[in-house]
Amino acid sequence: MVGGQESRPREQLAALYEIGRALNSTLEPDEVLDLILGMTLDLFQADAGSIMLIQDDHLRIRRARGLPPEVVENTVVPLGQGIAGWVARTGEMLLLNGRIEDPRFRNLVPRQDEISSSLCTPLRSREGVIGVMMVRRAGSTRFSRSQLDFFASVADQASLALENARLFQSEQERSRQLALEQQKFRAIFRDMADGVLVVDLGGGVTHLNDAARRLLGLHQDAPGMPLSDILPHLPLHVVRQAASGPGGVFEADIKLHSEAGNTVLRVTATSLGADPVAPEGLVLLLHDVTERVRVERMKSEFLSAVSHELKTPLTTVSGFLELMLNREYDRPRQEQYLSISLTEAQRLQRLIEDLLTLSRLESGQFRLQPAPVLLDQLAASVLAGFSERYPGFHFELRVEGELPPLEADGDLLTQVLVNLVSNSVKYSPDGGDVRVLVRGEAQGIRVSVEDQGIGIPRDKIPFVFDRFYRVDNSLTRRTGGTGLGLANARYIVEGHGGTIWAESPAEKGSRFTFVLPCKRNEVGESEA
Amino acid sequence: MPHRILVADDEAHIVELVRVSLEEFGVEVLDAPDGEAALAAARRHQPEILLLDVMMPRVDGFEVCRRLKADPLTRGIIVIMFTAKAMEADRQHAREVGAQGYVTKPFSPLQLASVVREHLRGLSSADE
C-alpha cells in the first residue's frame, strides 16, 4: 500500500510518475476517468470509489467501482449536500474516518452500521471545480493525513488529464465543423455556373473553379500561372485600377475564339481583401453572355432590316410627290405617278400591319380566346375572296376525311391561309391553278396550298420562312410583298403546336403544307 | 453624246423614280435589278455614273463597288451609293470601297438630280 502509515516520498513519486504516464496514453475523457479510478483504488486499497462531474449545479456519477448500478445511475447530488457536494462547493478536501456522525455529510451509501473511511477531493480545471473524486475503505483501517495529500496530488494529475482530454475533444469537434464548412464552400465554388478566378498581386491565378476552366477551355492548369496566359487581352493594370477603392468594380465583355466556337464572357472583377486601399488580389467572375449578345445583335439587325423595308416604299411615295410639286407633267403621267405612290403607300400599310402582327405574336398576345374553328369553311371564304380579285387564276378547294373540331384563333389561321394563297398568286406570273387541300387525319388537320408557279430552288427552301427573305427578286419588284408573310405564318402555326413546311418538287411549282394537332378522346370529341 | 447613267436597284418603282428625276438633262438611264446584272451592264455599257443601291440580293452594293473599282475596265465609273441605312459606319464603308458619293433613302429626287449634275459637270470640265 502506498503512502501507508509510513509515508514514503520516493514511492509516492514513482506512483505519480506511473499515473502520469498512463494518463498520457489516452485522450478519451472516459478512458482517462477509468484509468484514474482504477489506479486510485489500487493505490489506496479502497473498496469503492467514484468520480463525479458537475452538470447544471449537480454532481452526477460519471465513473464508479464497487457501487451498485442503481446507485451509479440515479445518484444526483446538489452542490453543497453530502460529502461530495460539500467538497465540490468549498473546493476543500475531506478525510472522514470511522462512523460518520456529522449530519452535514450524508453518506452516499446508506449503510450507517458499517465502519468505513472516505477520502474526497475536488477535481479542478482552469475555470474552477469541475467535479470530485472519492474513495471509501470499509473496515477499521483508516486513511492517513499523508495519504490525503497524496490523494490530492493524484487528483491534480487526474484533473489535468481530464482537462486535456476535454480540450482535445472540443478541438476535434471544432476541426470537424471547420472541415464541413470548407467542404460546403468548396462544393459551392465547384458547382457554380459562373467561373471564378482569384488572382494574386503578382498577376498569378491562385484559384479557379470548374466553371472557369470550362468557360476558358482550359484542359490543364497549374497554380500560380499568370492570368495573361489565360486571358491575354485583359489589361490587368486597368482591371486593378477600376477595382480599387471602396465599391470599385471592373466590368468588360471579352470575346474568346476556340474550336468550340466563339463565346462572349462578361468579366466582373473586384478587389480581394478587407482593406480597399491595400487589396490582396482580385476576384474575377466570368459569366457567359454569348447568347445574350447574339440575341441583341439579331434584334439590332432586325431593326435595321425593318427600317430599310419601311423606307423603300416611302422613298417612292415622297419622291414622286416632290417631283410633281416641282415639275410639270401631263395628265397621263400625273396619273401614273400618283398611282405608283398609292400602290407603294398601300404596301407600306401592309408592311406595318404585318410588323404589328409579328410583334403581337412574339409578345404572346394571340390565342386569347381559342374558339371552335371550321377550317374548311375558313379556306372556302379565303379562296372566294381571291377568286374575285384574280380572274386569271383557278382556285380549287378539296376537303377530305372527317375534320375533328378545332379550337384555335380563327383570325390568325385565316391570315395563314391568305399568306399562303397570296404567295402562290404572286409567284405564278402566268396564272394557273392554286389548289387547297384540307384533310382530317388521326393526329389533326392537314392543309396544303399548291401552285404551278416558278417554284423554289432546293437550296433556298430552308430560308423561305425567314423574315424578309425573298426568293425571286424580279418578281419581288413587281409584286411588292412584305417579306413577312411566311415568317408570320410559321409563328402562328407553331404557336398552335403545329408544323409548317415547303416543298418544290422538280423546282416547278410549290406546295406549302401545315398540320394542326387535335386531340381525340374516346367519346369522339377532340380539342386542339 | 448623251451621258449614260446606270441605276442598280431591285425595286422597280425606285428605278422609275430615278429615271424620271434625271429626265431633265437628257441622260440615258439604264437599269439593273441586282449586283451581278449591275457589274455586267457596267462592263458592257460603260456608264459614266452608277447609282448603286446597297441592299440588293446575292451581291450587295459594297461588293459591287469593290469589284468595279478593282477592274481597270470599270474603275473610272463614278459610283454614288444609296441606301436606307444612314449610319456613319456605312458612309465609312462606302468610302473604303471607293464610292464617290452617298445618298440616303428616302432621298429627294431634286437633290439627287443636283448631285448627278455636279458630277457630270465635273466630267465635262475634265474633258475640256
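The values are calculated or read from the model by the stated rules, or taken from the named source; none is laboratory data. Note that the structure is predicted; figures quoted are calculated from it, not measured. Every residue, glycine among them, receives a Cβ derived from its backbone with ideal geometry; neighbour counts consider all protein chains shown. Please note that ligands, DNA and RNA were not included when accessible areas were found on the heavy atoms of the full protein model with its side chains. Shrake-Rupley method; radii C 1.70, N 1.55, O 1.52, S 1.80 Å.
Results, tabulated for the structure shown:
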{"item": "In nm, spacing of pseudo-spin labels at residue A:384 and residue A:146 (7 Å Cα→C-beta vector)", "result": "13.1 nm"}
{"item": "Residue A:58 - accessible surface, heavy atoms, 1.4 Å probe, Å² rounded to 10", "result": "60 Å²"}
{"item": "Size of electric dipole in the protein assembly as shown: Cβ of Lys, Arg +1 and of Asp, Glu -1, about Cα centre, debye, nearest 20", "result": "1140 debye"}
{"item": "Residues in the stretch A:279-300 that a label on residue A:494 would reach, taking backbone N under 20 Å of a point 7 Å out along Cα→Cβ", "result": "A:291-300"}
{"item": "Sequence ranges A:164-171, B:61-68, A:120-127, ranked by mean other-Cβ count within 10 angstrom, highest first", "result": "B:61-68, A:120-127, A:164-171"}
{"item": "Ordering of A:437-449, A:398-410 by burial proxy (mean other Cβ atoms within 10 Å per residue, highest first)", "result": "A:437-449, A:398-410"}
{"item": "Ranked by how many other beta carbons lie within 10 Å on average, peptides A:209-222, A:25-38 from highest", "result": "A:25-38, A:209-222"}
{"item": "5 angstrom amide H check on residue A:394, placed H, neighbours 5+ away", "result": "A:432, A:433, A:434"}
{"item": "With every protein chain in place, chain B: carbon and sulfur % of accessible area (1.4 Å)", "result": "50 percent"}
{"item": "Candidate aspartates and glutamates - alpha carbon under 20 Å from residue A:299, same-chain residues fewer than 8 apart omitted", "result": "A:253, A:288, A:291, A:309, A:353, A:354, A:362, A:466, B:88, B:90"}
{"item": "Convex hull per residue volume in Å³, alpha carbons only, for the stretch A:9-171", "result": "108 Å³"}
{"item": "Tail weight of P(r) past 19 Å, computed on alpha-carbon pairs of the stretch A:367-527, percent", "result": "53 percent"}
{"item": "Shielding score for A:320-333, defined as the mean number of other chain Cβ atoms within 10 Å", "result": "3"}
{"item": "Spin-label model distance (nm) - residue A:296 vs residue A:56, 7 Å beyond Cα toward Cβ", "result": "6.4 nm"}
{"item": "Translational diffusion of the protein assembly as shown, µm² s⁻¹ [Kirkwood Rh, Cα pairs; Stokes-Einstein; 10 °C; 1.306 mPa s]", "result": "45 µm²/s"}
{"item": "Where A:501, A:86 fall by accessible area, highest first, once all protein chains stay in place (1.4 Å)", "result": "A:501, A:86"}
{"item": "Within 10 Å of each Cβ in B:32-40, the average number of Cβ atoms from other chains", "result": "1"}
{"item": "Antiparallel bridges, percent of DSSP beta bridges restricted to the protein assembly as shown (to nearest 5)", "result": "75 percent"}
{"item": "Environment charge at residue A:341 (Cβ cut-off 14 Å; Lys +1, Arg +1, Asp -1, Glu -1)", "result": "-3"}
{"item": "Cα gyration tensor of the stretch A:330-398 - equivalent ellipsoid semi-axes, whole Å, descending", "result": "33, 23, 7"}
{"item": "Residue A:349-residue A:228 FRET efficiency (beta carbon distance; Förster radius 56 Å; 0.05 resolution)", "result": "0.45"}
{"item": "Farthest toward positive dipole pole in chain A [+1 Lys/Arg, -1 Asp/Glu at C-beta], among A:228, A:491, A:244", "result": "A:244"}
{"item": "Summed buried accessible surface, chains A and B, 1.4 Å probe, nearest 100 Å²", "result": "2400 Å²"}
{"item": "10 Å Cβ neighbours from other chains, averaged over peptide B:13-25", "result": "5"}
{"item": "The stretch A:178-331: mean projected area of Cα convex hull, nm²", "result": "15.9 nm²"}
{"item": "Sum of side-chain charges, residue A:392 neighbourhood, beta-carbon under 13 Å (Lys, Arg +1; Asp, Glu -1)", "result": "-2"}
{"item": "At 1.002 mPa s and 20 °C, Stokes D of the stretch B:4-127 from Kirkwood alpha-carbon radius, µm² per second", "result": "151 µm²/s"}
